[in-house]
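Undergrad: Got a structure for you, questions after.
What follows is calculated from the coordinates using simple rules that are stated; it is not laboratory data. Note that the structure is predicted; figures quoted are calculated from it, not measured. Note: ideal-geometry Cβ built from the backbone for every residue, glycine included; neighbour counts use all protein chains shown.
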Amino acid sequence: MAEQEREQEHECEHVRVAVIGSGFGGLGAAVRLRREGITDFVVLERAESVGGTWRDNSYPGCACDVPSHLYSFSFAPNPEWPRTFSGQPHIRAYLESVADTFGLRPHIRLKHEVLMMRWDADELRWEIETSQGTLTADVVVSATGPLSDPKVPEIPGLEGFEGKVFHSAQWDHDYDLTGKRVAMIGTGASAIQIVPAIQPQVAKMTLFQRTAPWVMPRMDRKISGAERWLHEKVPATGAARRGFLWGIRELQVGAFTKHPDRLGLIERIGRSNIARSIKDPALRARLTPTYRIGCKRILLSSTYYPAIAKPNVDVVASGLKEIRGNVVVAADGTEAEVDVIIFGTGFHVTDMPIADRVVGADGITLAEAWKDGMESLRGATAAGFPNWMTIIGPNTGLGNSSMILMIESQLNYLADYMRQLNVLGGSAALNVRASAVGAWNRRVQERMKRTVWNTGGCTSWYLDANGRNTTIWPGTTGEFRAATREVNLGEYEVVRAPVREKEDA
Ligand code: NAP
């Protein structure tokens, strides 16, 4: 191909880095790239504003169950957090403020959904097709997050339901729930926040609980004006608060990863949380989990049990199986006529749709490469997908601490990756060796064997279709920080562009 033709073919915009998504991961990556002196990058966002899962999840009662001073960037402390566990509007506003404070707006392309990206081995770059045209990038940072694509189970009869249906992450704020008969499906982290928020408003709620969750009291309180003043005037006090919150969680990790038997002690707190509000012994029994606490995410709420003790709430200890007309039917045969069905049924985590849109060096998609389960090196890079990195990828999830810590660890890795690429020069890319991915995952899975997530006697979204835990990090956040401090070039092969034919010149 003549040089001129090649130039024409590549008239589309080219950037050093394309970041996909503008939640915590994407905005964090953008800040980090700028700090590394890289300004030639874009952030592609499919929605109309930044914020990721904290933009999409606006359901009543939505808040974070990790304390705000820990669930925020270390490089962007917010002395103004109003509560110990701040609500979604404040977290979303925080992310908007990060975009402004760090000068990220010029990089952000809203309403740019990534439709497909393909590795171009000749040019050593990614060709990225978006809903608003094509661009190319040397490096892709996929920060689409595990909680971005809502999951609605395939329930026979759902199509024919004449009432209102929506998912917790796609709340219809124009729909008035006042006086309605509601079927709430699921009892995960989202549902247990929704139930107390809407229970006083609705005529009747039928709550479909397939598996009882462990729910612990939530020690939420307003952060006083004096505390906020102190954090503003003496930033070290905010850092100390963060350090304390981090430290106690690090100390708890061993019980989850090595000694799940010790977690039995805190099951007592969960049982007394039920007993405090639920007087009916039969309902108490239905609400008491039958697996080790921690196996599924431990939920925090001081209002969930009081809400379901109210006379307008029925707990059906069974999954939703079918819908007949406007009647929802549980697996145990219980029926209820309803006006609205709200799915609090979680997200596509181990089968994330973005994986279908990434075509690597061997011409296969990431979903195909991951057909037997997600696998990456250090939660970041995948063999056969050069210069492609994901933020909070496989085995980076946490059971008891802040994902922002994990994101920041991966940003360190990204920064070093970019440094290594610069040293190698413009005509090189890095492709992680399959052997390095294999070795890393063998170590992760070996450690996983003893953890509560694998031994606790439950099924959860932490496990994939093959029963393998590809989501959780089986260690402390400190260990992950150490493992992602820098890129070990020995774990990568350096890919160079093929030498061009003479007549090409
Ligand atoms: P989730 O934890 O995946 O829970 C989904 C729920 O739907 C489970 O209770 C599941 O039951 C149930 N379910 C699925 N199909 C069902 C059916 N046919 N009938 C009845 N129930 C059914 O989803 P989520 O609550 O949206 O939470 C997802 C994640 O988001 C959380 O784990 C957490 O990481 C995050 N989150 C965090 C916060 C926070 O405060 N930081 C708040 C909300 C969400 P089974 O248990 O039987 O599978």
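Undergrad: Compute the acute angle (0 to 90°) between the alpha-carbon long axis of helix 403-424 and the principal axis of greatest extent of the alpha-carbon atoms of the chain; round to the nearest 10°.
TA: Once rounded, the angle reads 10 degrees.
Undergrad: Right, next: Given the pairs LYS151/LYS258; LYS180/LYS310; LYS296/LYS449; LYS204/LYS321; LYS321/LYS371, which are separated by over 22 angstrom at their Cα positions? Provide the component values of the computation, followed by the final result.
TA: Details: LYS151/LYS258 31 Å; LYS180/LYS310 16 Å; LYS296/LYS449 16 Å; LYS204/LYS321 20 Å; LYS321/LYS371 28 Å.
Table pairs above 22 Å Cα-Cα are LYS151/LYS258; LYS321/LYS371.
Undergrad: Taking the Cβ of each residue in ASP416, ASP138 as the centre, tally the other Cβ atoms inside 10 Å and list the residues starting with the fewest. All intermediate terms of the calculation are to be shown ahead of the outcome.
TA: Values: ASP416 16, ASP138 22.
Listing ASP416, ASP138 from fewest to most nearby Cβ atoms yields ASP416, ASP138.
Undergrad: Right, another one. Could you tell me which Cys residues in the chain have no other cysteine's Cβ under 4.7 Å from their own Cβ, answering none if every one has a partner?
TA: CYS12, CYS62, CYS64
Undergrad: Under 5 Å between amide H atoms, partner at least 5 residues away or on a different chain: which partners does HIS14 have, H built in plane at 1.01 Å?
TA: Amide H neighbours of HIS14: THR136.
Undergrad: Report the net charge of residues surrounding PHE244, where surrounding means a beta-carbon distance below 14 angstrom and charges are Lys +1, Arg +1, Asp -1, Glu -1. Walk me through the intermediate numbers first.
TA: Working: positive: ARG241, ARG242, ARG249; negative: GLU227, GLU250.
Result for the local shell: +1.
Undergrad: Can you work out ³J(HN,Hα) from phi for every residue in region 123-135, in order, using Karplus 6.51 cos²θ - 1.76 cosθ + 1.60 and θ = phi - 60°, giving whole Hz and x for Gly and Pro?
TA: Result, rounded to whole Hz: 9, 6, 7, 9, 9, 10, 9, 10, 5, 10, x, 10, 9.
Undergrad: Scan around ALA336 for amide H atoms under 5 Å from its own, H built in the peptide plane at 1.01 Å from N, and keep only partners 5 or more places away or cross-chain.
TA: The answer is VAL328.
Undergrad: Using only the Cα atoms of region 12-75, build the gyration tensor, take square roots of its eigenvalues as a ≥ b ≥ c, and label the shape rounded, prolate or oblate: rounded if a/c is under 1.5, else prolate if a/b is larger than b/c, else oblate.
TA: Values: a/c = 4.88, a/b = 1.60, b/c = 3.04.
Oblate, because a/c is 1.5 or more while a/b does not exceed b/c.
Undergrad: Mind pulling the angle between the C-alpha long axis of helix 264-277 and the longest principal axis of the chain? Nearest 10 degrees, somewhere in 0 to 90.
TA: Tilt of helix 264-277: around 50 degrees.
Undergrad: Same structure again: Express the relative contact order of the chain as a whole percentage, based on alpha carbon pairs under 8 Å and six or more residues apart in sequence. Please list the in-between numbers first.
TA: Working: 982 pairs, mean separation 99.9, N = 505.
Contact order relative to length: 20 percent.
Undergrad: If you average the alpha carbon positions of region 211-225 and of region 410-482, how far apart do those two centres end up, in angstrom?
TA: 30
Undergrad: How would you rank MET406, MET184, going from fewest to most other Cβ atoms within 10 Å of each one's own Cβ? Working shown, then result.
TA: Details: MET406 22, MET184 29.
Ordered by Cβ neighbours within 10 Å, fewest first: MET406, MET184.
Undergrad: Rounded if a/c is under 1.5, else prolate if a/b beats b/c, else oblate: with a ≥ b ≥ c from the C-alpha gyration tensor eigenvalues square-rooted, which is region 165-277? It would help to have the intermediate numbers written out before the result.
TA: Working: a/c = 2.50, a/b = 1.37, b/c = 1.82.
Oblate, because a/c is 1.5 or more while a/b does not exceed b/c.
Undergrad: Another one. Determine the sum of side-chain charges near GLN170: Lys and Arg each +1, Asp and Glu each -1, restricted to other residues whose C-beta is under 13 angstrom from that of GLN170. Numbers along the way, then the final one.
TA: Working: positive: ARG55, LYS151, LYS164; negative: ASP56, ASP149, ASP172, ASP174.
Residues near GLN170 contribute -1 overall.
Undergrad: Take the alpha carbon gyration tensor of the chain, find the square roots of its eigenvalues, order them as a ≥ b ≥ c, and report rounded if a/c is under 1.5; if not, report prolate when a/b exceeds b/c, else oblate. Could the numbers behind the result be given before it?
TA: Numbers: a/c = 1.78, a/b = 1.59, b/c = 1.12.
Prolate shape, in that a/c is at least 1.5 and a/b is the bigger ratio.
Undergrad: Further question on the same structure: Sort ILE293, ILE108 by Cβ crowding within 10 Å, fewest neighbours at the top.
TA: With the fewest neighbours first, ILE293, ILE108 line up as ILE108, ILE293.
Undergrad: If you don't mind, another one. Region 138-206 to region 329-352: how many Å between their Cα centroids?
TA: Here the two parts' Cα centres lie 9 Å apart.
Undergrad: Using the alpha-carbon atoms, what tilt in degrees (0 to 90, nearest 10) does helix 235-257 show relative to the longest principal axis of the chain?
TA: Computed tilt is about 80 degrees.
Undergrad: Another one. Can you list residues from other chains, or at least 5 along the same chain, whose modelled amide H is less than 5 Å from the amide H of TYR492?
TA: ARG433
Undergrad: Using the Karplus equation 6.51 cos²θ - 1.76 cosθ + 1.60 (θ = phi - 60°), what ³J(HN,Hα) coupling, rounded to whole Hz, does each residue of region 379-393 give in order, writing x for Gly and Pro?
TA: Per-residue couplings from phi come out as x, 10, 10, 10, 5, x, 10, x, 6, 10, 9, 10, 9, 6, x Hz.
Undergrad: Let me ask you something else. Find out how many positive minus negative residues lie around LYS233, taking Lys and Arg as positive, Asp and Glu as negative, among other residues whose Cβ is under 13 Å from that of LYS233.
TA: On the way: positive: ARG228; negative: GLU80, GLU227, GLU232.
Local charge sum for LYS233: -2.
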